[in-house]
1. Given the criteria over 17 Å from residue 18 (Cα atoms), without any contact (Cβ under 8 Å) to a residue 24 or more places away in the chain and either surrounded by 16 or more Cβ atoms within 10 Å (Cβ to Cβ) or in contact with a Phe, Trp or Tyr (Cβ under 7 Å, 6 or more places away or on another chain) (or both), does residue 121 qualify?
2. Going by the conditions given, is residue 35 without any contact (Cβ under 8 Å) to a residue 60 or more places away in the chain, under 26 Å from residue 213 (Cα atoms) and among the small types (Gly, Ala, Ser)?
3. Report yes if residue 209 is under 14 Å from residue 45 (Cα atoms) and among the charged types (D, E, K, R), otherwise no.
4. Could you please tell me which pairs satisfy a Cβ distance under 7 Å, a separation of 6+ or placement on different chains, a first residue in the stretch 208-236 that is more than 18 Å from residue 18 (Cα to Cα), and a second residue that is of a type outside the set (Ser, Thr, Tyr) and outside any loop (DSSP other than H, G, I, E, B)?
5. Among the residues of the stretch 38-54, which ones are crowded, with 21+ Cβ neighbours inside 10 Å and either more than 15 Å from residue 200 (Cβ to Cβ) or free of Cβ contacts under 8 Å to residues at least 12 places away in the same chain (or both)?
6. Just give me the residues in the stretch 172-193 being over 20 Å from residue 131 (Cβ atoms) and either within 16 Å of the chain's Cα centre (by Cα) or crowded, with 17+ Cβ neighbours inside 10 Å (or both), in sequence order.
7. Quick one: would you say residue 202 is farther than 28 Å from residue 119 by Cα and buried (at least 22 other Cβ atoms within 10 Å of the Cβ)?
8. Of (1) part of a loop (DSSP other than H, G, I, E, B); (2) at pLDDT 90 or above, residue 83 satisfies all except one. Which?
Amino acid sequence: MTDSRTALVLFSGGQDSTVCLAHALATYSHVETVGFDYGQTHRVELDCRLDVLAQIRAAFPDWAEKLGDDHVLALPALADIGGTALTGDGEIRVLDNGLPSTFVPGRNLLFLTYAAAIAYRRGLSVLVGGMCETDYSGYPDCRRDTLDHLAKAISAGMDAPIEIETPLMYLDKAATWAMTETLGGDMLIDLIREATHSCYRGDRTTRHEWGYGCNDCPACELRSKGYAQWVAQKKVSHDL
């Protein structure tokens, strides 16, 4: 049964946020999306997200009826602060503090706070994000504990209940591909391989079996490894 609540999906146009969007459309009565322009070096994702939305509307008519407005907010201050490989030309590496240079301090905290403000104005009660503790790059703002504390603070500060749902929190990338197939079959798998963008370097020139990317950055490595594991698991299941 469809959940009568309404949701706002943090939608970057990448694999994880697209699976989260599919989950929300399969779950809630009305779904809107929000993207952020924060000076990211892989800003090609901002173009890809519009293509993904258009393809979802065309390929899944039942979902299209639930899919409402898309919002895009500019957060240039994240790039102005600098010091990260995602908003500059820095090398992708592990820093002395143990975090990857792709970590943008406060990014998810700001994204969710701004998303909550939109949700408040739009009458939406659930924020849906692709944060994950299982296959992730060590970002502290992806942890469930962080998000639980943030949800409490936002709900208190707005005097309105806001839930932060993270469907992928405890899934590895192979399980994310499996979830994709469950939600939308081969059509959604093909859409994610062809239309989404997750590569930190913004490479849309090289097509791999799992999709487009440099096949060298942490995001591509996770996506590639997860796809290979999912395909192997499917083969074993088929052979049994």
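1. On the way: over 17 Å from residue 18 (Cα atoms): yes; without any contact (Cβ under 8 Å) to a residue 24 or more places away in the chain: yes; either surrounded by 16 or more Cβ atoms within 10 Å (Cβ to Cβ) or in contact with a Phe, Trp or Tyr (Cβ under 7 Å, 6 or more places away or on another chain) (or both): no.
So residue 121 fails the test.
2. Values: without any contact (Cβ under 8 Å) to a residue 60 or more places away in the chain: yes; under 26 Å from residue 213 (Cα atoms): yes; among the small types (Gly, Ala, Ser): yes.
For residue 35, the condition - without any contact (Cβ under 8 Å) to a residue 60 or more places away in the chain, under 26 Å from residue 213 (Cα atoms) and among the small types (Gly, Ala, Ser) - is met.
3. Details: under 14 Å from residue 45 (Cα atoms): no; among the charged types (D, E, K, R): yes.
Criteria not met by residue 209.
4. 214/220; 215/208; 218/100; 225/173; 229/174; 233/174
5. Across the stretch 38-54, the qualifying residues are 49, 52.
6. 184, 188, 189, 191, 193
7. Numbers: farther than 28 Å from residue 119 by Cα: yes; buried (at least 22 other Cβ atoms within 10 Å of the Cβ): no.
Considered against the rule, which asks whether it is farther than 28 Å from residue 119 by Cα and buried (at least 22 other Cβ atoms within 10 Å of the Cβ), residue 202 comes out as no.
8. The one condition residue 83 does not meet is (2).
The values are calculated or read from the model by the stated rules, or taken from the named source; none is laboratory data. Only a predicted model underlies this, so the values are computations on that prediction, with no experimental measurement involved. Glycine gets a Cβ as well: all are built from the backbone with ideal geometry, and neighbour counts include every protein chain shown.
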